[in-house]
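Chemist: Can you keep this structure in mind? I'll have questions shortly.
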Amino acid sequence: MTDFQHIRPFKILALVMVAIAAILTIVSLAGPDWVSVSFYHEEKVRSWGLWWDCFKVHTAFEMCLTADWLAACAALVFFSLLAQILATAMAVWGLSSRRRLPYLVAGGLCVGAGVFLVICLIIYPIMFTKEVKENKDFYTETSKFSFDWTFGIAWGSVVFLICASIFFFVRVREENDAQPMKLVKENPLTFYSA
């Protein structure tokens, strides 16, 4: 008889995906480029992130956003990152234990983190567009604005969180098969004669 490792990759894939989502969330949280704004009086494009609420366009004009919704968006992304870190820890615990509960908790945390990110990714463009269009000075000074690469990275993090939560919730046939690796003993071939 020989022993071999039988690998069930669902939970390992979920762990890798939630770790990638956490890295992408860190990049989007720290990145300064959620929105690129170009002005009529300047040649260069200014970038706007989650942490900057004001910057001077030229000597006579300073563009400031109200800080309440911007702080709420930053807090939502930060809470999402905390949930992703906890989900990663629960997934590691699930890989080392023989229980299914850590996977379910990690999947729930991934769903919560994804909801936090989606709420932020909906609020941010709506409020930014509203502030630019409602303030006459902002609207006349701004030639155009577009959502930039860190905003897209945050959406990428949402996709990885959705995939990770699906893999965490996948139930295999037997409870013993919930472990990604298990030792299986190969049965010898038996031939039956008539």
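Results for (1) touching an Asp or Glu at 6+ places or on another chain (Cβ under 8 Å); (2) modelled with pLDDT of 70 or more; (3) loosely packed, with under 14 Cβ neighbours inside 10 Å; (4) not in a strand (DSSP E or B), shown as yes or no for each residue.
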position: 52; (1), (2), (3), (4): no, no, no, yes
position: 62; (1), (2), (3), (4): no, no, yes, no
position: 73; (1), (2), (3), (4): no, yes, no, yes
position: 99; (1), (2), (3), (4): no, yes, yes, yes
position: 110; (1), (2), (3), (4): no, yes, no, yes
position: 117; (1), (2), (3), (4): no, yes, no, yes
position: 132; (1), (2), (3), (4): no, yes, no, yes
position: 137; (1), (2), (3), (4): no, no, yes, yes
position: 155; (1), (2), (3), (4): no, yes, no, yes
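Chemist: Only one of these conditions is not met by residue 28: (1) over 17 Å from residue 124 (Cα atoms); (2) outside any loop (DSSP other than H, G, I, E, B); (3) at pLDDT 65 or above. Which number is it?
Modeler: Condition not satisfied by residue 28: (1).
The values are calculated or read from the model by the stated rules, or taken from the named source; none is laboratory data. Predicted model only: the values in this text are computed from it and were never measured. Using ideal geometry, Cβ is built from the backbone for each residue, glycine included, and neighbour counts are taken over all protein chains shown.
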